[in-house]
Amino acid sequence: MRAIHSFALALLLACGVSTAQARDWASIKQAGSIIVASEGAYAPFNYFQGSTLSGYEIDVMNAMAAKLGLKVEWRALGFDALIASIRQDRFDAAIASHGVTEERQKSVDFTNPHYCSGGQIVTKRGGPTKGAELANKVIGVQLATTYAEAAKKVTGAKEVKTFPKDTDAQQALLAGRVDAWVTDRFVAKAAVERNAGAGLVTGELLFVERVATVVRKGNGELRDQLNKALAEIKADGTLKKISEKYFKEDISCQN
Ligand code: ARG
């Protein structure tokens, strides 16, 4: 009997039992760890420090998980693959600066926001800083982002170039291959500081957004638990502390 059991177990292990992993709350709790994906190319929110995922969102998720008595098993994927992968049950949650949009809400669920921000124009000195000045200009944005959506809506833009990573769009601006880059205002601020001397300037905010963790559609209990943990790290000052570590200000949503 025992032999059969261990044989069955070995078989299961050999098969990898790996595909369906967007688990419900009970299974996550039982496992003691939550599998969370991010991107790792979007500083200061999520980036690699050597081979370690770091940044504001990584700290926020680790703090939330600690409140829930869980460890985090991190995964890194291209930003444009995250929502599709959640839908394929590849992991339990994604924290990668997803703005809460109606379009995304059709396919995934969002927790409450861990920060509030917006899409901002970045250019080189003398370049377009206002939405209206983007007419006849080439705009660089990361693929599958709310910035790409906003750029497509700019009237009269010459071209919207999409890049796999936000840092590629930034590089294109620095190299003069695009006239403007639309990105998060805190990413923009950090990029301007990091590239002092390159003559980068920030312009108008094209839109504002609330940014939250993504879970599989219908995974309500997990969403509620993450919301509870977020409320706890807000209440005890942890969220503010993490925010100040990366931004020297509190970027959490005030309402
Ligand atoms: N906030 C934007 C959006 O919702 C961009 C997020 C990009 N995130 C990233 N990890 N590159 O689409």
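Here the simple spin-label model places points 7 Å from the Cα toward Cβ, and for residue 104 and residue 26 these points are separated by 3.0 nm. Radius of gyration over Kirkwood radius for the chain, both on Cα atoms: the Rg/Rh ratio is 1.04. Short-range pairs are left out: with C-alpha atoms under 8 Å and at least six residues apart, the relative contact order of segment 113-240 is 37 percent.
Pairs of Cα atoms under 8 Å, at least six residues apart: use those to get the relative contact order of segment 80-171, whole percent.
23 percent
Charge tally around residue 78: other residues with Cβ under 13 Å, Lys/Arg +1 each, Asp/Glu -1 each, net -1. Percent relative contact order of the chain, based on C-alpha pairs within less than 8 angstrom and at least six residues apart? Result for the chain is 25 percent. Secondary-structure-derived ellipticity at 222 nm for the chain, considering helices only, amounts to -11500 deg cm²/dmol, per-run term -39500 (n - 2.57) for DSSP H runs with n ≥ 4. Here's the picture: charge each Lys and Arg Cβ at +1 and each Asp and Glu Cβ at -1 in the chain, and of 120, 38, 214 the one pushed furthest to the positive end of that dipole is 38.
When DSSP beta bridges are restricted to pairs lying wholly in segment 109-255, around 70% turn out antiparallel.
Considering only beta bridges that DSSP places wholly inside segment 87-189, some 40 percent are antiparallel. Listed by chain and number, the aspartates and glutamates whose alpha-carbon sits under 14 Å from that of residue 67, ignoring those within fewer than 8 places in the same chain, are 59, 224, 232, 236. Extending 7 Å from Cα along the Cβ direction at residue 249 and again at residue 73 yields two label points whose distance is 3.9 nm. Placing unit charges on the Cβ atoms only, positive for Lys and Arg and negative for Asp and Glu, gives the chain a dipole magnitude near 180 debye about its Cα centre. The alpha carbons of segment 20-143 stretch over 56, 34, 22 Å along the principal axes, in descending order. Close amide H pairs (under 5 Å, H built 1.01 Å from N) link residue 178 with 173, residues at least 5 positions away or on another chain.
A short reminder: the numbers here are calculations on the coordinates, not readings from a lab. Since we're looking at a predicted model, the values are computed, not measured. Glycine gets a Cβ as well: all are built from the backbone with ideal geometry, and neighbour counts include every protein chain shown.
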